[in-house]
Amino acid sequence: MLSECMQPLIRVESLSKYYRHRRVLSSGHIVPALNGVSLSIAPRSTLALVGKSGSGKSTLALCLASLERPSSGKIWFGGRDIAALDENQMRAVRPQIQLIFQDPARSLNPRFTALEIVTEPLVLQRRWKGRQTREQGFALLERVGLSAEMASRRAGEFSGGQKQRLAIARALSLEPKILILDEALSALDCSAQARITNLLLELQSSFALTYLFITHDLAMAAHIADEIAVMNRGRIVEQGVPQKLLDSPEHEATRCLVAATQQSISTSRILGA
């Protein structure tokens, strides 16, 4: 939990998001994706957002990254309610809140080289001149564990874990204050997950980053996060430090996640025996 003297980097107040669901022969009805969500994330900390598919996790991520407008509520960041900003004002905020998706291949231009992928945001934002941009690109690739020899490869030539490293490097190019990782590890095998997790922890320490780590895997959340918030049907139903949620879950949704985690551990032990 946030200490009394620490101001949150980002604070969400009563955030709701509704979609109109279209049906044949009907004007449609309102579907709530978020329903009064409130949370805070301390600077340089990791909050894990855990829940089943359809619980509202990704919708919250899109709202925080200013890629979706909430229907109501506030998102306080940098002393401003960014949910109330117009499109021009949002453009100045988006570089500071970067979103990394589950499938990096869908967000990486297959025609670009690794260096072009990483430096594209710098070019669009006109942050650096030509030579400086290339130097920064090489430095970012190296920082995420990709050698200079890989800079000329295209996205399709990389493994899943390497593509995720590319996505992380590109996100870091704009010097964000917070990274939102939306199921960013779930498509990787266990060894790649471990390597990317270690990389994220190293980068957090080096760049003083704040993470919102979105996952359906409670065990992974407990490993990486300072605090866990459990989502169910568009609401946060329980929040606390990892050990407390694992040892004494209070909400039924949390208990189901804990049971699924214990079952997965038991199965792994049986298969490994």
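The values are calculated or read from the model by the stated rules, or taken from the named source; none is laboratory data. This is a predicted model, so every value here is computed, not measured. Backbone-built Cβ (ideal geometry, glycine too); neighbour counts: all protein chains shown.
What the table shows:
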quantity	calculated
Exclusive hit being among the hydrophobic types (A, V, I, L, M, F, W, C), under 16 Å from the mean Cα position of the chain (by Cα), modelled with pLDDT of 95 or more and assigned to a strand (DSSP E or B), set Leu60, Leu49, Leu34	Leu49
Count of region 27-70 residues which are of a type outside the set (S, T, N, Q), surrounded by fewer than 17 Cβ atoms within 10 Å (Cβ to Cβ) and more than 30 Å from Ser205 (Cβ to Cβ)	9
Test: Gly73 is small (Gly, Ala, Ser), within 19 Å of Met231 (Cβ to Cβ) and surrounded by fewer than 18 Cβ atoms within 10 Å (Cβ to Cβ)	no
Residue among Asp182, Asp217, Asp189 that is within 21 Å of Ala48 (Cβ to Cβ), surrounded by fewer than 15 Cβ atoms within 10 Å (Cβ to Cβ) and of a type in the set (Asp, Glu)	Asp189
Tally, over region 193-241, of residues that are under 29 Å from Gly145 (Cα atoms), of a type outside the set (D, E, K, R) and either part of a helix (DSSP H, G or I) or in contact with a Gly (Cβ under 6 Å, 6 or more places away or on another chain) (or both)	20
Scan of region 1-27 for residues that are in a loop (DSSP other than H, G, I, E, B) and either of a type in the set (Gly, Ala, Ser) or modelled with pLDDT under 55 (or both), ordered by number	Met1, Leu2, Ser3, Glu4, Cys5, Val24, Leu25, Ser26, Ser27
Any hit, region 191-208, residues being of a type outside the set (Phe, Trp, Tyr) and on the phi > 0 side of the Ramachandran plot	yes
Which numbered condition Asp86 fails, given (1) of a type in the set (Asp, Glu); (2) within 16 Å of the chain's Cα centre (by Cα); (3) more than 19 Å from Phe213 (Cα to Cα)	(2)
Close pairs (8 angstrom Cβ cut-off, 6 or more residues apart or separate chains): touching a residue at least 12 places away in the same chain (Cβ under 8 Å) and surrounded by fewer than 24 Cβ atoms within 10 Å (Cβ to Cβ) in region 162-173, assigned to a helix (DSSP H, G or I) and of a type in the set (Gly, Ala, Ser) anywhere	Lys163/Ala105; Lys163/Ala155
Set Arg143, Arg106, Arg153: member being more than 30 Å from Gln7 (Cα to Cα), among the basic types (Lys, Arg) and within 23 Å of the chain's Cα centre (by Cα)	Arg106
Residue among Asp81, Asp103 that is closer than 29 Å to Gly240 by Cα and at pLDDT below 90	Asp103
